[in-house]
Amino acid sequence: MDALLEVNGLNLSFGGLQVLNGLDLTVGKGAIASLIGPNGAGKTSVFNCLTGFYRPSGGSIRLAGRRINGLAPYRITKLGMARTFQNLRLFRELSAAENVMAGRHCRTGAGALDAILGTPRHRREERAIRAAAERWLAFVGIPEASEQMAGTLPYGHQRRVEWARALATEPTLLLLDEPGAGLNSAEKGELVGLVRRVRDELGISVLLIEHDMGLVMQVSEHITVLDYGRKIAEGDAMAVQSNPRVIEAYLGREEDAL
Amino acid sequence: MSEAAVRIGRPSWSIRRAAGVAVLLAALAAVPSFANNYYLEVLSEAWFYVLLCLGLNIVVGFAGLLDLGYAAFFAVGAYTAGIVTLRLGLSFWLSLPISVAMASIAGVVIGGPTLRLRSDYLAIVTLGFGEMVRISVRNLAVTGGASGLVGIKRPSIFGYHLDSIGAYYYIFLLLAVLGVAGSHRLENSRIGRAWKYVRSDEDAARAMGINHAMVKLAAYILGAIFAAIGGCFYAAKMTAISPETFSFNQSLLILLGVVLGGRGKIPGVILGALVIVIFPELFRDIGSMRMLVFAISLLLIMLFRPAGIWPEKWR
């Protein structure tokens, strides 16, 4: 399988603190991959490096062969990487549809003059943006939420709006930061289905960070385990679960337990 | 109105509402046929401030950026018109495109360095920019120094010389209407939504592929253009401009109109602009006490309606 995302020797430090230490990570085209690790292992920092919010101090990040480290977040999104946030970052006072429309910004181009003059381009794009918002809300299963203020939606629906918003950017790789956090077990079941549909129906590769091991083992085809900013193991669910270094990272050494 | 028109985000006005607007505009257009010069003068000023407040609303209301030096953009327009007509001897109408260009440059000058600043620092920098412009025009020869520019020629259009208060009443009314229409269209557009996104959550907006720096810059530039076009006609109406017109107090007054009415909401901003112009006139009889009464009224409004008289959330 070809690699869509290739991370080599990624380093990140804040002052003297080494957050990521020579991390290698690969996500294949059409893969569902997970990044796991104990609290503070640096998982969200990896996402922030990938999406351009943090500037890595070393290493390279390639998306479809193109080096993207050092680029601004909006450019990386335009190149095909979209993300959701660990703690929801919706535009709370705007409607669900308006939230999703944000994702269309980088795929459209009407400017202020188009808007003021009401040019055909502006009108055509507005129609398409509106239609895309409705389509993505339907895809994530909440078409009825369209006109509701995002901040007033039930938590599970807010998560779905975030998905729809990220999908609307037409990514080739979708990064999900703890998509299962705060969801009940029924919602988590639906989440697994949604991840698979994103890959199977849309052909979008998925990389997720998740704490719920049941969810991770169920959905991922490839798992990378991170501890103290280093990769300590990778492989499929079976291989990772039985890896002694992973067990140690999660449960501690035997002498620690005593 | 059809479902399709609603869906694409164009003004979804009902026929009744459109008719209401038409009647209102007809009534406003009829005002010069019966009102005396005093009323025309006050109302012209009111329409002028509607335009300025709508321009500042793009920056403060739509994009959520603070600007304490907005009068500087108004000055750019007025002085451009003055210099183009007096110093260069060109037609007044040429000063419109030139002042739009100058305002865009000024918008980039103030917007560029402040993009990374949060609101409190932004307040200081924009305040400084406003004062810089005022002090510059006060000290430059081309702007006429402290006494300003006098004898700016009034323009003609289609052989009609624009030299009566009635003419300026219509000009400023037209500018205000264009300002409302332009604001409305901007608000419901790709760029208008981008302002809301950046205002709501800058990081989330960036993650969605929005270049937050360009979006903010666009707000400063468009706001500046509104003020500059207003400034050109202000110069034509007054025929004389001086630096003190563009003081910090002027910036504050315009900001007051925006915040008072309800930033971000177009009808609120119109209302705010009317209040700041008409209110002091209503209390002209009580002489120097009127500013005190005005100030107390403002405090009361802000106490009881902190989001403005007609705020954005008032749906």
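Every number in this text was worked out from the coordinates using simple rules, so none of it is lab data. As the structure is a prediction and not an experimental result, all values here were calculated from the model. For neighbour counting, all protein chains shown are included, and Cβ atoms are generated from backbone atoms with ideal geometry for every residue, glycine included.
When a footprinting reagent is the concern and you count Cβ atoms within 10 Å, what order do B:203, A:177, A:200 take, fewest first? Spell out each step's value before the answer.
Numbers: B:203 15, A:177 23, A:200 11.
Ordered by Cβ neighbours within 10 Å, fewest first: A:200, B:203, A:177.
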Cα-Cα P(r), segment A:91-169, percent of pairs per 10 Å interval: 21, 48, 24, 6
Rounded to whole Hz, the Karplus (6.51, -1.76, 1.60) HN-Hα couplings of segment A:169-177, x for glycine and proline: 7, 6, x, 9, 10, 10, 9, 10, 9
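Between rounded, prolate and oblate, where does chain B land on the alpha carbon gyration tensor, with a ≥ b ≥ c its root eigenvalues, rounded for a/c under 1.5, else prolate if a/b exceeds b/c? Intermediate results must be reported in sequence, preceding the final value.
Values: a/c = 1.34, a/b = 1.14, b/c = 1.18.
Rounded shape, in that the Cα axes give a/c under 1.5.
What is the dipole size for the protein assembly as shown, taken about its Cα centre, with +1 at each Lys and Arg Cβ and -1 at each Asp and Glu Cβ, in debye to the nearest 20? It would help to have the intermediate numbers written out before the result.
Values: 56 positive and 44 negative charges, 317 e Å.
That gives a dipole near 1520 debye.
Using only alpha carbon positions, build the gyration tensor of the protein assembly as shown, then give the equivalent ellipsoid semi-axes as the square roots of 5 times its eigenvalues, largest first, whole angstrom. Working shown, then result.
Numbers: eigenvalues 593, 126, 88 Å².
Equivalent ellipsoid of the protein assembly as shown: 54, 25, 21 Å, largest first.
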Sequence-separation-based contact order of segment A:91-169, relative, with Cα cut under 8 Å and 6+ spacing, percent: 51
Most positive-pole-ward Cα, A:206, A:18, A:68, against dipole of chain A from beta carbon charges: A:68
Amide H within-cut-off set for residue A:230, under 5 Å, with H built and near neighbours excluded: A:21
Under 14 Å, Cβ to Cβ, from residue A:46 - net charge with Lys/Arg +1 and Asp/Glu -1: -2
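Which of rounded, prolate or oblate describes segment B:87-218 when judged by the alpha-carbon gyration tensor and an a/c cut-off of 1.5? It would help to have the intermediate numbers written out before the result.
Numbers: a/c = 2.83, a/b = 1.51, b/c = 1.88.
Since a/c reaches 1.5 but b/c is at least a/b, the shape of segment B:87-218 is classed as oblate.
Segment B:158-194: which chymotrypsin sites (Phe, Trp or Tyr not before Pro) are DSSP loop and have at most 16 other beta-carbon atoms within 10 angstrom? Kindly include the intermediate steps, with their values, before the conclusion.
On the way: sites: B:158, B:160, B:168, B:169, B:170, B:172; in loops: B:158.
Answer by residue number: B:158.
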For segment A:1-137, size of Cβ-based charge dipole, Lys and Arg +1, Asp and Glu -1, in debye: 320
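State whether segment B:135-184 is rounded, prolate or oblate according to the following rule on the C-alpha gyration tensor (a ≥ b ≥ c being the square roots of its eigenvalues): a/c under 1.5 gives rounded; otherwise a/b larger than b/c gives prolate, and the remaining case gives oblate. Please report the intermediate quantities before stating the final value.
Working: a/c = 3.30, a/b = 1.53, b/c = 2.16.
Oblate shape, in that a/c is at least 1.5 and b/c is the bigger or equal ratio.
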Net length gained if the chain between residue B:282 and residue B:124 were fully extended (0.36 nm per residue, minus Cα distance): 53.5 nm
Calculated [θ] (222 nm, deg cm²/dmol) that DSSP helices of n ≥ 4 give over chain B, each run adding -39,500 (n - 2.57): -22500 deg cm²/dmol
Chain B - percent relative contact order, Cα under 8 Å, separation 6 or more: 30
In segment A:117-179, the GluC sites (Glu not before Pro) that fall in loop regions by DSSP, at most 13 other Cβ within 10 Å: A:147
Residue exposure sequence - B:53, A:49, A:106, B:232 - by fewest surrounding Cβ within 10 Å: A:106, A:49, B:232, B:53
Where trypsin sites (Lys or Arg not before Pro) fall in DSSP loop in segment A:4-71, at most 16 other Cβ within 10 Å: A:29
Whole-number percent relative contact order across chain A, with pairs defined as alpha carbons under 8 Å at least 6 apart: 26
Segment B:112-207 - charge dipole about Cα centre, Lys and Arg +1 at Cβ, Asp and Glu -1, debye rounded to 20: 160
